[in-house]
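Below is one structure, written out as structure tokens, with a few remarks after it.
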Amino acid sequence: MLVLLVLSGLIISICMGLRQSLGLFMRPMTLELGVSAATFGFSIALQNIVWGISQPFIGALADKHGPRPILIWTALAYAAGMLLMVFSRDALGLNLAGFLLGIGTAGTAFGVLMGVVARATPPEKQSQTVGLVAASGSLGTMLLAPVGQGLIDAFGWQAAMMAFAGIAGSMALFALPIKGLAITLNAGPKRDGAQPQRLREALRDAIGHRGYLFMTLAFFACGFQLVFITTHLPAYLQLCGVAPGVSATALGLIGLFNALGTYGFGLLGARYSQKHLLALIYLLRTLFICAFLLAPISATTTLVFAAAMGTLWLGVSPLITGIIGRVFGLQHFGALYGVVFLSHQVGSFFGAWMGGLVFAWNGNYNLAWGALIVIGLAAFTLQWLMDESPPAERPRVGGAQPVPA
């Protein structure tokens, strides 16, 4: 069990650390290649939407065939996407790289590995354990963002991206032992009834569940806010006269405080309402964004903002994992989580792309920050009102109706 947790945390750490450091490459790449910020932002947006669209399918494949082959192939796709960015000279190459990065992230981020960890853990410890793995995974941002900035400064962005590609490929090696560990895992909690639930039935129950839909819609705001920040915060800080090194330090602080916050929300999720904790995360993020914009933009306020946002960054992971497992069971966790995560990635797509478009039109990010605030408040409202009761059992054969109590 300990080896499984370490390997899962290490793979997630590399995946998320690389992904959340891509904003460091925007300015040097746009200056050298002559592409616009909107073009670069669209390639990141494409990565996120491909991640979201492919997540339900990759999750279902991992549920059916096991996690190891999915992890290996998607890790190689991740490395190939980063190598392609080195040799891309136009929008087409960047978009193809974004497509490969999206496929790679779908397999090596939370969707597959959280299901593996949840199935290996007793129900009463799932929230804490998932929070621990997600927290350890967040340390990748703290380490890789400063490393990436140092490589860019010392050797140029091409050498830094090639080094990142090599790090991405190492995830395939860390995935090799997981099959032998995963075969001992149980299938997790099962729904009532003699017959195992089929994937089609699980999806039908989830899509017809109002609380599931509310949680899915609210998760849009999570991706919208966070990907805008990781993609456009470095450029925004430079517009405000903040030194470039502060951006890398801010991303590193997000990783550090994310580790503390994610584990903390995992512990809280075992004791308090998970849906209300999720709602508070959306509300607090939005309030911290307002405070950051109202205060004078400086290195100090940026680092305080990064620490605050980091505390709230991935705390959603153990909470959403706990809600899905408790309400729908873990038999089809990968697919059900993937559908929820698709909404997150639609938000990520628009967060990355919208930021580039707003800057291209107006030369500033004012409208983009306003959109983050409005959508964050809407997500808080939806999540607070979520119905988290399990769906009523549907008839399985013959169209028979449930017997009234």
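The values are calculated or read from the model by the stated rules, or taken from the named source; none is laboratory data. These numbers come from a predicted model, not from an experiment. Using ideal geometry, Cβ is built from the backbone for each residue, glycine included, and neighbour counts are taken over all protein chains shown. What goes into the accessible areas is simple: the full protein's heavy atoms, side chains included, and nothing from ligands, DNA or RNA. Shrake-Rupley method; radii C 1.70, N 1.55, O 1.52, S 1.80 Å.
Odds and ends about this structure:
- Annotation: of all residues in the stretch 328-358 being hydrophobic (A, V, I, L, M, F, W, C), outside any loop (DSSP other than H, G, I, E, B) and modelled with pLDDT under 85, the one that is surrounded by the most Cβ atoms within 10 Å (Cβ to Cβ) is A352.
- Residue match in the stretch 90-107 (condition: open to solvent by less than 20 Å² (accessible area, probe 1.4 Å), more than 19 Å from F40 (Cα to Cα), modelled with pLDDT of 80 or more and of a type in the set (S, T, Y)): no
- Residues in the stretch 219-235 that are among the small types (G, A, S) and buried (at least 24 other Cβ atoms within 10 Å of the Cβ): A221, G223.
- G115 falls short of the stated requirement of being at pLDDT 80 or above, touching a Phe, Trp or Tyr at 6+ places or on another chain (Cβ under 9 Å) and crowded, with 18+ Cβ neighbours inside 10 Å.
- Test: residue in the stretch 44-66 that is hydroxyl-bearing (S, T, Y), assigned to a helix (DSSP H, G or I), under 19 Å from G107 (Cα atoms) and touching a residue at least 12 places away in the same chain (Cβ under 8 Å): yes
Let's see how each residue does on (1) within 22 Å of Y212 (Cα to Cα); (2) open to solvent by 50 Å² or more (accessible area, probe 1.4 Å); (3) not in a helix (DSSP H, G or I):
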position: S247; (1), (2), (3): no, no, no
position: N258; (1), (2), (3): no, no, no
position: R271; (1), (2), (3): yes, yes, yes
position: L277; (1), (2), (3): yes, no, no
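- Listed conditions (1) among the small types (G, A, S); (2) closer than 30 Å to R119 by Cβ; (3) at pLDDT 90 or above are all met by A295, apart from (2).
- Out of I289, I323, I297, sole residue that is under 18 Å from the mean Cα position of the chain (by Cα) and touching a residue at least 12 places away in the same chain (Cβ under 8 Å): I323
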